[in-house]
Each structure stands twice: as structure tokens, then as C-alpha cells.
1. Out of all the residues in region 99-106, is one or more part of a loop (DSSP other than H, G, I, E, B), more than 20 Å from the chain's Cα centre (by Cα) and either surrounded by fewer than 18 Cβ atoms within 10 Å (Cβ to Cβ) or modelled with pLDDT of 85 or more (or both)?
2. Considering region 114-140 alone, what residues qualify as being touching a His at 6+ places or on another chain (Cβ under 8 Å) and open to solvent by less than 20 Å² (accessible area, probe 1.4 Å)?
3. Pick from region 1-46 the residues that are of a type in the set (A, V, I, L, M) and more than 25 Å from GLN107 (Cβ to Cβ): which of them is modelled with the lowest pLDDT?
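The values are calculated or read from the model by the stated rules, or taken from the named source; none is laboratory data. Computed from a predicted structure; not experimentally measured. Cβ placement follows ideal geometry from the backbone for every residue including glycine, while neighbour counts extend to all protein chains displayed. We work out accessible area using only protein heavy atoms, side chains counted, and drop any ligands, DNA or RNA first. Shrake-Rupley method; radii C 1.70, N 1.55, O 1.52, S 1.80 Å.
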Amino acid sequence: MSSKQEHPIQAMGFWLFGSLSVVLAVLKLTVAGYWSWWRVMLPFLAFLGHNVVYLLAGFLCFCWLKHEEDEEEPTTVQKHSRAGYNLAALLFFFLFLDNLLRRAEGQGWKGFWPCSGRLEVVVLFGMLSLAAQFVYWSRIVSGLNQEHA
């Protein structure tokens with residue numbers, strides 16, 4: 001047993017995005033009163049929504065995992081993780097929510113721009129977020145399936 005205590009639940013992102021939302025709330029109350037509360041809570045909502053998509057995509061991808069009855073030692077998922085895809089999925093989900101809020105609030109711009117609020121951009125970033133999550137999890141599952149073979 002190591003002297004370092006392992007934490008099964010890591011709350012770093014929760015505190016980071018929650019703190020960012022608190023900072024934005026203070027800015028709304030002091031300087032930028034025209035911001036909506038949805039926009040203030042955007043970082044925290046993006047984090048929560050990303051985690052929901054992360055769990056759902058992971059569950060769906062693990063349905064394709066090959067199971068062996070006589071497994072000698074547990075496999076390590078960290079060996080096959082692809083953190084870049086997960087960070088890209090978080091960024092795409094944030095842009096998806098930002099564009100959705102711009103569309104709902106009527107603050108969209110003309111033309112194609114990553115933060116234009118147009119329906120095509122909302123759908124694009126929603127699909128890119130899902131695609132990045134599925135690529136992330138499919139790489140983990142394919143690596144685990146190769147270990148079993």
C-alpha cells in the first residue's frame with residue numbers, strides 16, 4: 001500500500017469551473033449587469049453537460065468491450081486514454097452551449113463564425129462534441145480489446 005492516498009472521485013474540474021462561474025457572477029453583479037444568468041453559469045453548465053455526455057458515451061462504447069471469463073489481472077484504462085480527445089470534447093461542448101445561448105438570447109452574428117449563434121453552428125459543435133467523446137472512448141475500448149486478444 002502506498003503512502004499516497006488515492007481519491008476515486010476527482011473534483012478539480014468541478015471546483016475550477018464552479019469558481020469561474022462565481023467570478024462571472026461577481027462581475028455580473030458589479031460591472032456587467034446586462035449578462036444573463038445563463039451566460040454567467042456557462043462554464044459550470046458546460047462542465048456538467050460534458051460529464052453527462054462523457055458518461056453516456058463511455059457506457060455505450062463499453063458495450064462493445066469483449067469480456068473474458070478467466071481474467072488474470074485487471075487491465076489499466078489509463079494506458080489507453082487519449083486526453084486530447086476529451087479536452088476537445090469539452091471545448092466543443094462549451095462552444096455548443098455558447099452558441100445555443102446566443103441563439104436563444106438573440107445575440108447571434110451574421111455569417112459563419114464559431115460564436116455566431118446560427119443553428120448550423122449549434123448543430124456542428126454538438127456533433128463535434130459527441131464525435132470527440134466517441135473517438136476518446138472507442139480508442140480506450142479498442143486498446144482493451146487488443147489486450148484481451
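1. First, pick out the residues of region 99-106 that are part of a loop (DSSP other than H, G, I, E, B): 106.
So of that shortlist, the ones also more than 20 Å from the chain's Cα centre (by Cα) come out as 106.
If we keep only those that are either surrounded by fewer than 18 Cβ atoms within 10 Å (Cβ to Cβ) or modelled with pLDDT of 85 or more (or both) as well, we get 106.
Yes; the residues of region 99-106 include at least one that is part of a loop (DSSP other than H, G, I, E, B), more than 20 Å from the chain's Cα centre (by Cα) and either surrounded by fewer than 18 Cβ atoms within 10 Å (Cβ to Cβ) or modelled with pLDDT of 85 or more (or both).
2. SER129, ILE140
3. Our first condition is that a residue be of a type in the set (A, V, I, L, M); within region 1-46, this holds for 1, 9, 11-12, 16, 20, 22-27, 29, 31-32, 40-42, 45-46.
Next, only the ones that are more than 25 Å from GLN107 (Cβ to Cβ) stay: 1, 9, 11-12, 16.
Numbers: MET1: 46, ILE9: 59, ALA11: 71, MET12: 72, LEU16: 81.
Checked region 1-46; the qualifying residue modelled with the lowest pLDDT is MET1.
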